[in-house]
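Worksheet: one structure, shown below.
The values are calculated or read from the model by the stated rules, or taken from the named source; none is laboratory data. If you're wondering where the values come from, they're calculated on a predicted model, not measured in any experiment. Positions of Cβ are backbone-derived with ideal geometry, glycine not excepted, and every protein chain shown enters the neighbour counts. To get the accessible areas, we keep the full protein, side chains included, count just its heavy atoms, and leave off ligands, DNA and RNA. Shrake-Rupley method; radii C 1.70, N 1.55, O 1.52, S 1.80 Å.
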Amino acid sequence: MKILSTPGWDEYELLDTGDGKRFERFGKYRLVRPDPQIIWRPRLDRSEWQKADAEFDLEKKKWIIKTKIPDKWLIHYKNIGFYAKLSPFKHTGIFPEQTLQWEWISSVMMFDILAKQAQSKNNFLQDSQNKLRILNLFGYTGIASLVCAVGGAVVTHVDASRPTISWARENQTASNLQNKPIRWILDDAIKFVSREVKRGVKYDGIIMDPPIYGHGPEGEKWDFNESFPKLLSLCRLIMSQKPVFLLINAYAISSSAVMLKNVLEDYVSDLGGEIEFGELALEEKSAKRLLSTGIFARWSQK
Ligand SMILES: C[S@@+](CC[C@H](N)C(=O)[O-])C[C@H]1O[C@@H](n2cnc3c(N)ncnc32)[C@H](O)[C@@H]1O
């Protein structure tokens, strides 16, 4: 079991944590957000926390704005641009710990492309036939989809929320990736994959990041413990002859990463390759403590 952690990057930092809250910097704005697992004490002085531009008030379920912070502001991760927004439910449209997975996806894709290029004489990448086909389920604001598109893949992005799909398309434009082959699909994850099974469509890589509870555009119920094994069994049926990776992230569920690994093994152990599993964590700037933000399991042919 691994703990993958990141201190963030030049446009994101976890400044401090304590007393049920996170103090973070997204670009040039500092935010305070609730996080129930944080039952330890902060390290920075209160006067530092009071410099926040906005704080999400858990009781009032809304953001308390303290400075002239805009509705949305652009952040960059390498050559990808995306908007942070003070959205309802304390979210900002960015899960910063996902940089760990964006790097992994890019490395696994590059590894596969280089391996195939070595095997073939002609100009491998020109031939669209050789482009990896990636499916990003529960894709949210689409940063992982943009990472895959930059890596040369043909991407299918599925999410149940129309405003979130529009936000993802805004991020595509902000990244000047309008010409990249990305299909933005508003649909329920299980419904969409079931249809792909019937159509015989195949994918070389699959990313999923389901919530604990959710629902599709027509109210289709998503309950992690019930729906996840079913979704994975369907995803196995749409994996291509030579699949490259399958990545699962999960948040706010009481189970451990061992559960994800066990379910994943049920469906990919016949493919050889490697399974890694564990926790994702952010490293705070103040005292270098780790803040666990979710669990993952991932399979690759590598
Ligand atoms: C935790 S977010 C995903 C975070 C994202 N992968 C990221 O790293 O930015 C969960 C997403 O699942 C979507 N969702 C919830 N239920 C769904 C369903 N039944 N089918 C498809 N998407 C769903 C929500 O709209 C939300 O965008």
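Hey, rough spin-label estimate for Thr67 and Lys28, points 7 angstrom out along Cα→Cβ, what's it come to in nanometres?
Calculated label separation equals 0.9 nm.
Got a sec to turn the phi values of the range 190-195 into Karplus ³J(HN,Hα) couplings, 6.51 cos²θ - 1.76 cosθ + 1.60 with θ = phi - 60°, whole Hz, x for Gly and Pro?
These are the phi-based 3J(HN,Hα) values: 5, 4, 5, 5, 4, 5 Hz.
Would you mind calculating the gained length between Arg169 and Lys116 on full extension (0.36 nm times residue separation, minus the Cα-Cα distance), in nm to one decimal?
16.0 nm
Between Ser269 and Glu218, what length comes free when the chain is fully extended (0.36 nm per residue of separation minus the Cα-Cα distance, one decimal in nm)?
Computed gain between Ser269 and Glu218 is 14.9 nm.
Using the basic label-point model (7 angstrom from Cα toward the beta carbon), what is the Arg289 to Leu58 distance in nanometres?
Roughly 1.5 nm, to one decimal.
Of Tyr12, Tyr77, which has the most accessible area and how do the rest follow, probe 1.4 Å?
Result, largest first: Tyr77, Tyr12.
Keeping every protein chain in place, order Leu290, Leu15 by accessible area at 1.4 Å, biggest value first, i.e. largest first.
Largest accessible area first, the residues go Leu290, Leu15.
Can you give the net charge of the other residues whose Cβ lies under 11 Å from the Cβ of Tyr77, counting K and R as +1 and D and E as -1?
-2
Between Glu11 and Val258, what is the label-to-label distance in nm when each label sits 7 Å out along the Cα-to-Cβ direction?
Here the modelled spin labels are 3.9 nm apart.
Given bins 10 angstrom wide, list per bin the percent of all Cα-Cα distances in the range 96-300, short to long.
With a bin width of 10 Å, the distribution comes to 8, 34, 39, 16, 3, 0.
Over the chain, with a Gaussian network built from C-alpha contacts below 10 Å, which listed residue (Asn249, Asn225, Asn136) shows the highest mean-square fluctuation?
Evaluated over the chain, the most mobile residue of the options is Asn225.
Collect residues whose amide H, placed 1.01 Å from N in the peptide plane, falls under 5 Å from the amide H of Gly8; neighbours closer than 5 in sequence don't count.
Glu283
Rounded to the nearest 10 Å², what accessible area does Ser175 show when all protein chains are kept and the probe is 1.4 Å?
Rounded to the nearest 10, that gives 10 Å².
For a Förster distance of 51 Å, can you work out the FRET efficiency between the beta-carbons of Arg41 and Leu186, rounded to the nearest 0.05?
Using R0 = 51 Å, I get an efficiency of 0.70.
Can you put Tyr29, Tyr203, Tyr213 in order of accessible area, largest first, using a 1.4 Å probe?
Order by accessible area, largest first: Tyr213, Tyr29, Tyr203.
Run the 1.4 Å probe and let me know the accessible area of Thr99, rounded to the nearest 10 Å².
Rounded to the nearest 10, the figure is 10 Å².
To the nearest 0.05, how large is the calculated FRET efficiency for Lys51 and Lys202 if R₀ is 41 Å and r is the Cβ-Cβ distance?
Using R0 = 41 Å, I get an efficiency of 0.20.
Kirkwood hydrodynamic radius of the range 180-235 from all distinct Cα pairs, in Å?
Value: 12.2 Å, from the Cα pair sum.
Connecting C-alpha atoms closer than 10 Å in a GNM of the chain, tell me which of Thr141, Thr156, Thr173 has the biggest fluctuation.
Thr173
Of the residues Ala118, Ala52, Ala168, which exhibits the maximal mean-square fluctuation in a Gaussian network model of the chain defined by a 10 Å Cα contact cut-off?
Maximum among the listed residues: Ala118.
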